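This report refers to the structure that appears directly beneath it.
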Amino acid sequence: DIEKTADLSKTVGIDMGIKYRAVTSDGVLYDNPKALATNLRKLARLQRSASRMWEMNGKKPTANWRKQQDKIVKLHARIADIRREHAHKMTTELVNEYGLIGVEDLNIKGMVKNRKLAKAVSDAGMYQVRQQLEYKAKALGGQVIAVDRWYASSKICSACGDKVDELPLSVRSWACPSCGAEHNRDGNAAVNIRNEAVRLAGIA
């Protein structure tokens, strides 16, 4: 049995995204390995080559076409491995450090339906990160609290609690008009996610 080592007084909020896979309320940035993006050209080249072979041979499988398909399958597996290994390392660090982890209940299925975001969202592996956090935290006696996706984590000033009406996605840093506190968008969101998770858990 795994020893229940989680300390629920140690809390963190995580803002998941595309540029950074995660930004924590303690200011830790986890880079997105962008496994698909970095291998996209190679994958496209292999797929074009396989497509040409298929057409040239009357849409019949040949030995060379099968070899090309094997290369494509192996590259897809490598991309998945990079993504999974990075998520494993990151989530293990987080559950070992914190007992209560707040995350945003993102509508990942909806985000993937957006053509402009689909590849980047899939590459960030947000669902995979959430799953790993949940089962690892549970094994250690910790908790992952999902904060409602409509909670305005980015727009609320984590210093004074006031909320701005508008904050376009292009704005990555801002100053609170009420108290003057300077915020990094993702870091501020992560602090608010942590605070809301603590409130929802009833341990404030």
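For the residue pairs K71/K116; K116/K136; K10/K138; K42/K119, the C-alpha atoms sit more than 20 angstrom apart in K71/K116; K116/K136. Highest GNM mean-square fluctuation among S170, S154, S25, for the chain modelled with Cα contacts below 10 Å: S170. Binning the C-alpha pair distances of the chain at 10 Å intervals from 0 yields a P(r) profile of 8, 28, 29, 18, 10, 6, 1 %, listed from the shortest bin outward. Angle of helix 115-124 to the longest C-alpha principal axis of the chain, folded into 0 to 90 degrees and rounded to 10: 80°. Couplings for region 169-181, taken from phi via the Karplus curve 6.51 cos²θ - 1.76 cosθ + 1.60 with θ = phi - 60°, read 4, 6, 7, 9, 9, 7, 10, 5, x, 7, 10, x, 4 Hz in order; Gly and Pro are left as x.
The charge dipole of region 39-164, taken about its Cα centre with unit charges on the Cβ atoms of Lys, Arg (+1), Asp and Glu (-1) only, comes to about 1200 debye. Helix 185-201 and the long axis of the chain differ in direction by around 70°, with both axes built from C-alpha atoms. Computed from Cα positions, the angle between helix 35-56 and the longest principal axis of the chain comes to roughly 20 degrees. For K59, what accessible surface area do you get with a 1.4 Å probe? Give it in Å², rounded to 10. Accessible area, nearest 10 Å²: 120 Å². In this structure, the amide hydrogen of G13, modeled 1.01 Å from its nitrogen in the peptide plane, lies closer than 5 angstrom to those of S25, D26, G102, R194, counting only residues at least 5 positions away or on a different chain. Accessible surface area normalised per residue over region 139-204 is 55 Å², counting heavy atoms of protein chains with a 1.4 Å rolling probe. Cysteines in the chain lacking any other cysteine Cβ under 4.7 Å from their own Cβ: there are none.
The values are calculated or read from the model by the stated rules, or taken from the named source; none is laboratory data. Model, not experiment: these values are computed from the prediction. Positions of Cβ are generated from backbone atoms using ideal geometry, with glycine treated the same way; all protein chains shown enter the neighbour counts. Quick note on the areas: whole protein, heavy atoms, side chains included, nothing else; ligands and nucleic acids left out. Shrake-Rupley method; radii C 1.70, N 1.55, O 1.52, S 1.80 Å.
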